[in-house]
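First up is the structure itself, then whatever we jot down about it.
The values are calculated or read from the model by the stated rules, or taken from the named source; none is laboratory data. Computed from a prediction, not measured in an experiment: that's the story for all the values here. Here the Cβ positions follow ideal geometry from the backbone for every residue, glycine too, while neighbour counts run over all protein chains shown. Remember, those area values only see protein heavy atoms, side chains included, never the ligands or the DNA or RNA. Shrake-Rupley method; radii C 1.70, N 1.55, O 1.52, S 1.80 Å.
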Amino acid sequence: MNQARILIVDDDDIARKNFTRILQREGFDVSTAETGSSALERLAQRSCDVVMTDLVMEDVNGLELLSRIKNQFPETEVILITGYASIPTAIEAIKKGAYHYIEKPVRPAEMVHLARQAVEKKRLREQIVKLEARIKGDLEEPILIGQSRQMVEAIKLMKQIAKVDCNVLITGESGTGKELAASMIHYHSPRRNRRFLAINCGGFAEELLANELFGHEKDAFTGASSARAGLLETASGGTLLLDEIGDMPPSMQVKLLRAIQEQELIRVGGNRPIPIDVRVISATNQDLKKAVNAGLFRQDLYYRLNVVTIDMPPLRDRKADIPLLAHFFLRRFARQFHREITGLSEETMAVLQGYYFPGNVRELENIIEHAVAMARDDTISVKDLPSDFSEIGVFSFEKPNSQVMPLREMERKYIEWVLRRVGRNKTQASRLLGIDRSSLWRHLKNSEIEE
Ligand SMILES: Nc1ncnc2c1ncn2[C@@H]1O[C@H](COP(=O)(O)OP(=O)(O)OP(=O)(O)O)[C@@H](O)[C@H]1O
Ligand SMILES: [Mg+2]
């Protein structure tokens, strides 16, 4: 068990020294603060198990401090130190979430005993949170499949930078595993027992996004009947994934930059700065550098977010991963659908490896899900794949009932088939067909293939 950390808050020098001595002697890691506001600053820098605070102080009194701690650092336990006259107030404080109170003059044995109990309560609750997370599967190690050179390198980089508390930008086409990569970084980081939250920055209107990210104070707008913390605050201590960061409106970019730079934020409709401690991972399938050059994305924010970049390569560029991923998804869906499916036919694998995968790993996952659901046998064959793929049979000359057709028509069908395979990307199609773009263009015109 780590050494328990206690913060003593008292404006009386002698009392601070005295309490420090009592607790240090018993092995606690003790720090002190003279005022309530400096106590809050300290907590923002370094978390504490227990705060022991005097009730009557000049700037922020013990009760106020209690409510701010419960608001900003809810996992910290608070013990109030109080004179006889203020005992009713101390009891009031317990109703507001204080762990207990100690009556002055302080008896060392009582102080140590209460400190131990408060620490134990806090640690127990942490255990429960961890267990709950494990039950929900939150803490299970994310599985990122990949044996291609690019993925092996990317995974190595993720594990390495996970330990360094820097912001990360993950780039890659849709469905390449950006969110999975972010959760993997979080899992291998010292923040793993705290939350990993994600928000899609492109999915909200501007005001809503501000509200989601920064939270709001009571009465910030019509309908805000109570204050609410935003994701940057809730993810404090943990990691926040800002998905589709390229879609964040410019005004929000300014606010986000400020929050990340200062590690504090102001809720919508509020004016009090709230300290945060968040690792920000952003993801995008756009070329952010281009967006910066076009003046659509702030350069200063870009540099803040992009301390390290991880690029998730498209699946078509790492064909070595296709069989591995296909088997991984096959096992997963077979278990989920209670089907005894053991593998994929060679022909199926060949078809998959020849495919362009415009939707990347997510598309492969969907294809396998479909195939496992449809399979008529214990092995997946081409006819179990979604209909686009099964049409490949047109070109199987071995089939007894294959139709004979004019070469021109065959060509037309074949080009159409390739185009569909590559998500109608003509550059890619011409490369696969071994002709240049202008010849492909001519073919398309001659055979009137629909755009
Ligand atoms: N290497 C991988 N190993 C196992 N599963 C993967 C891998 N890469 C992606 N997946 C799975 O593919 C799906 C898509 O991944 P994810 O959501 O992380 O992609 P994304 O890049 O965030 O996509 P989008 O840009 O559409 O948000 C998820 O179900 C994820 O679990
Ligand atoms: Mg995503």
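Listed by first and then second residue, the pairs linking a residue in the stretch 432-444 that is closer than 24 Å to Val351 by Cβ to a residue that is of a type in the set (Phe, Trp, Tyr), with Cβ atoms under 8 Å apart and 6 or more places separating them unless they lie on different chains, are Leu432/Tyr356. Would it be correct to say that Val56 is aliphatic (A, V, I, L, M), modelled with pLDDT of 90 or more and part of a loop (DSSP other than H, G, I, E, B)? So Val56 does not fit the description; no.
Applying the condition of being within 16 Å of ligand 2 (Cβ to nearest atom) and hydrophobic (A, V, I, L, M, F, W, C) to the stretch 268-288 and asking which residue is nearest to Ala227 (Cα to Cα) yields Val280.
Scanning the stretch 376-403 for residues that are more than 27 Å from Ser174 (Cβ to Cβ) and at pLDDT 70 or above returns Arg376, Asp377, Asp378, Thr379, Ser381, Lys383. Filter the stretch 155-198 for residues that are in a helix (DSSP H, G or I), in contact (Cβ under 8 Å) with a residue 60 or more places away in the chain, open to solvent by less than 30 Å² (accessible area, probe 1.4 Å) and within 9 Å of ligand 1 (Cβ to nearest atom) and give the result. Matches in the stretch 155-198: Lys178, Ala181, Ala182. Cβ-Cβ contacts under 7 Å between residues 6 or more apart (or on different chains), taken from a first residue in the stretch 244-262 that is within 16 Å of ligand 1 (Cβ to nearest atom) to a second residue that is open to solvent by 50 Å² or more (accessible area, probe 1.4 Å) and not charged (D, E, K, R), are listed as Glu244/Asn200; Gly246/Gln286. Contact map, the stretch 36-52: first residue within 17 Å of Glu126 (Cα to Cα) and open to solvent by 40 Å² or more (accessible area, probe 1.4 Å), second residue in a loop (DSSP other than H, G, I, E, B) and of a type in the set (Gly, Ala, Ser), Cβ cut-off under 9 Å, separation 6 or more or different chains; pairs are Ser47/Gly237. The set of residues in the stretch 240-267 being within 16 Å of ligand 2 (Cβ to nearest atom) and either open to solvent by 10 Å² or more (accessible area, probe 1.4 Å) or at pLDDT 95 or above (or both) consists of Leu240, Leu241, Leu242, Asp243, Glu244, Ile245, Gly246, Asp247.
Are there any strands (runs of 3 or more DSSP E) wholly within the stretch 239-303 with 3 or more residues that are in contact with a helix residue (DSSP H, G or I) (Cβ under 7 Å, 6 or more places away or on another chain), and if so which?
Counting at least 3 such residues, we get 239-243, 279-284.
If you go through the stretch 71-113 and keep only what is part of a helix (DSSP H, G or I) and under 22 Å from Asp29 (Cβ atoms), you end up with Gln72, Pro108, Ala109, Glu110, Met111, Val112, His113. Scanning the stretch 376-386 for residues that are surrounded by fewer than 22 Cβ atoms within 10 Å (Cβ to Cβ) and not charged (D, E, K, R) returns Thr379, Ser381, Val382, Pro386. Among the residues of the stretch 307-345, just one is open to solvent by 30 Å² or more (accessible area, probe 1.4 Å), assigned to a loop (DSSP other than H, G, I, E, B) and closer than 30 Å to Pro249 by Cβ, namely Val307. Looking only at the stretch 281-304, residues that are under 19 Å from the mean Cα position of the chain (by Cα) and within 16 Å of ligand 1 (Cβ to nearest atom) come to 6 in all.
In summary, Leu315 fulfils each of the numbered conditions (1) within 13 Å of ligand 1 (Cβ to nearest atom); (2) more than 17 Å from Leu144 (Cα to Cα); (3) at pLDDT 95 or above with the single exception of condition (2). How many of the residues making up the stretch 199-217 are touching a residue at least 40 places away in the same chain (Cβ under 8 Å) and either buried (at least 16 other Cβ atoms within 10 Å of the Cβ) or not in a helix (DSSP H, G or I) (or both)? Counting residues in the stretch 199-217 that are touching a residue at least 40 places away in the same chain (Cβ under 8 Å) and either buried (at least 16 other Cβ atoms within 10 Å of the Cβ) or not in a helix (DSSP H, G or I) (or both) gives 13.
Does Ala85 satisfy the condition of being under 37 Å from the mean Cα position of the chain (by Cα), modelled with pLDDT under 90 and open to solvent by 30 Å² or more (accessible area, probe 1.4 Å)? So Ala85 does not fit the description; no. Do we have any residue at all in the stretch 40-50 that's β-branched (Val, Ile, Thr) and over 32 Å from the mean Cα position of the chain (by Cα)? No, that holds for no residue.
The single residue among Gln147, Gln117, Gln127 that is away from ligand 2 (no atom under 16 Å from the Cβ), assigned to a loop (DSSP other than H, G, I, E, B) and open to solvent by 40 Å² or more (accessible area, probe 1.4 Å) turns out to be Gln147.
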